[in-house]
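Below you will find the structure I want to go over with you.
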Amino acid sequence: MAERNPMLGVGELAARSGVAVSALHYYESRGLIQAVRSAGNQRRYPRAALRRVAFIRAAQQLGIGLAEIGEALAQLPQQRTPTKADWARLSTHWRAQLDARIAALQALRDRLDGCIGCGCLSLRACALYNPQDECGLKGSGAQRLPIVKLEDGRD
């Protein structure tokens, strides 16, 4: 029986993980996965990269950004593959973030009910665009646009 190659080409990793080659290159540039180069200068990934890519995609499905995923993976020694225990430990922190986002979205949904049929979308009173007239508390003028300083110091 022929021995299976322990290394995967980028195309094979893409096909098996369901992630585009360009995304794998990006993950590599961010240090999330690592490849070695063959004698022909082609990327070769260890089979364990499949699990790392699955970990990355699962975390992204939760809305976790690549920077935070990278920080989580950096906690693992020597680029090792995340285990079930690693996921449980790391997802505890992510659970709190997800709960906060869910609460914020539910509050947004509840405020949306007040706007249905209103049609005002008043910049002063809209509970979605300008809750409690936050912009008015900051003073007059455009509050949502950044102020650009000219070279002579004028606004």
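Just so you know, all these numbers are worked out from the coordinates, no wet-lab data involved. Predicted model, so just to flag it, every value in this text is computed and none were measured. Here the Cβ positions follow ideal geometry from the backbone for every residue, glycine too, while neighbour counts run over all protein chains shown.
What is the sum of charges around Leu105, taking Lys and Arg as +1, Asp and Glu as -1, for the other residues whose C-beta is under 13 Å from the C-beta of Leu105?
Details: positive: Arg101, Arg109, Arg111; negative: Asp99, Asp110.
Every neighbour counted, the sum reads +1.
A follow-up question, please. Over the stretch 7-116, what per residue volume does the convex hull of the Cα atoms give, in whole Å³?
119 Å³
Moving on to the next point. What are the GluC sites (Glu not before Pro) within the stretch 1-64 that DSSP puts in a loop, where the Cβ has at most 10 other Cβ atoms within 10 Å?
Filter output for the stretch 1-64: Glu3.
Here is a follow-up. Could you compute the net charge surrounding Val36? Neighbours are other residues with a C-beta less than 10 Å from the C-beta of Val36; K and R count +1, D and E count -1. Walk me through the numbers on the way to the answer.
Numbers: positive: Arg37, Arg43, Arg44; negative: none.
Residues close to Val36 contribute a combined charge of +3.
Which ³J(HN,Hα) values in Hz, rounded to whole numbers, follow from the phi angles of the stretch 60-66 under the Karplus curve 6.51 cos²θ - 1.76 cosθ + 1.60, where θ = phi - 60° and Gly and Pro get x?
Going residue by residue, I get 5, 4, 7, x, 7, x, 4 Hz, with x marking Gly and Pro.
Once you charge only the Cβ atoms, +1 for Lys and Arg and -1 for Asp and Glu, what is the size of the charge dipole of the stretch 7-116 about its Cα centre, to the nearest 20 debye?
Dipole size: approximately 440 debye.
Counting Lys and Arg as +1 and Asp and Glu as -1, what is the net charge of the other residues whose Cβ lies under 10 Å from the Cβ of Ser17?
Numbers: positive: Arg16, Arg51, Arg52, Arg57; negative: Glu12.
It works out to a net charge of +3.
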